[in-house]
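The structure appears right after this line, and notes come after that.
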Amino acid sequence: VQLQASGGGLVQAGDSLRLSCMTSRRSSSNNGMGWFRQAPGTEREFVAGIGWNGGNTLYADSVKGRFTISRERASDTVYLQMDSLKPEDTAVYYCAVALRALASKSRGDYRYWGWGTQVTVSS
């Protein structure tokens, strides 16, 4: 199973970024997907999740209203649109495939993880 996350970078506060995560259809087409992030010295935390058909979206309170998760089933890609970025959004962002069809906020409900992509937001 391969998950390839991309789109990270160095931006200023208030800017936007869009992360992408390409997956293999066999591993994700009937499963929920999620984005997590991990800042230095902290545990990996949930950011956003989406169900197998694009519904059932979930967000962490810290990003609600600023981030949008979506998926394009034709290309097996999940996106995370991040607007109004803040310095506290700085972290390595990871995408993951859920165990089930619905999204979840729990790390334990995800079974496949991709390599992360670094997002750095300067003030």
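The values are calculated or read from the model by the stated rules, or taken from the named source; none is laboratory data. Worth saying up front: this structure is predicted, and the values here are computed from it rather than measured. A quick note on method: Cβ atoms are made from the backbone with ideal geometry, for glycine too, and the neighbour counts reach across all protein chains shown. All accessible areas refer to the heavy atoms of the entire protein, side chains included, with ligands and DNA or RNA removed. Shrake-Rupley method; radii C 1.70, N 1.55, O 1.52, S 1.80 Å.
Leu80 satisfies every condition listed in (1) modelled with pLDDT under 95; (2) under 18 Å from Ala98 (Cα atoms); (3) out of contact with any helix residue (DSSP H, G or I) (no Cβ under 9 Å at 6 or more places or on another chain) except (1). The set of residues from segment 45-59 being surrounded by fewer than 18 Cβ atoms within 10 Å (Cβ to Cβ), within 14 Å of the chain's Cα centre (by Cα) and more than 18 Å from Arg18 (Cβ to Cβ) comprises just one member, Glu45. Inspection of segment 70-77 finds no residue satisfying the criterion of being farther than 18 Å from Met22 by Cβ and without any contact (Cβ under 8 Å) to a residue 12 or more places away in the chain.
All of Ser84, Ser75, Ser62, Ser104 fail the test of being in a loop (DSSP other than H, G, I, E, B), closer than 15 Å to Leu3 by Cα and open to solvent by less than 70 Å² (accessible area, probe 1.4 Å), apart from Ser75.
With the requirement that a residue be open to solvent by less than 20 Å² (accessible area, probe 1.4 Å) and small (Gly, Ala, Ser), what does segment 87-101 give you?
Ala91, Ala96, Ala98
Filtered by the rule that a residue be aromatic (Phe, Trp, Tyr) and open to solvent by 20 Å² or more (accessible area, probe 1.4 Å), segment 34-44 gives no residues.
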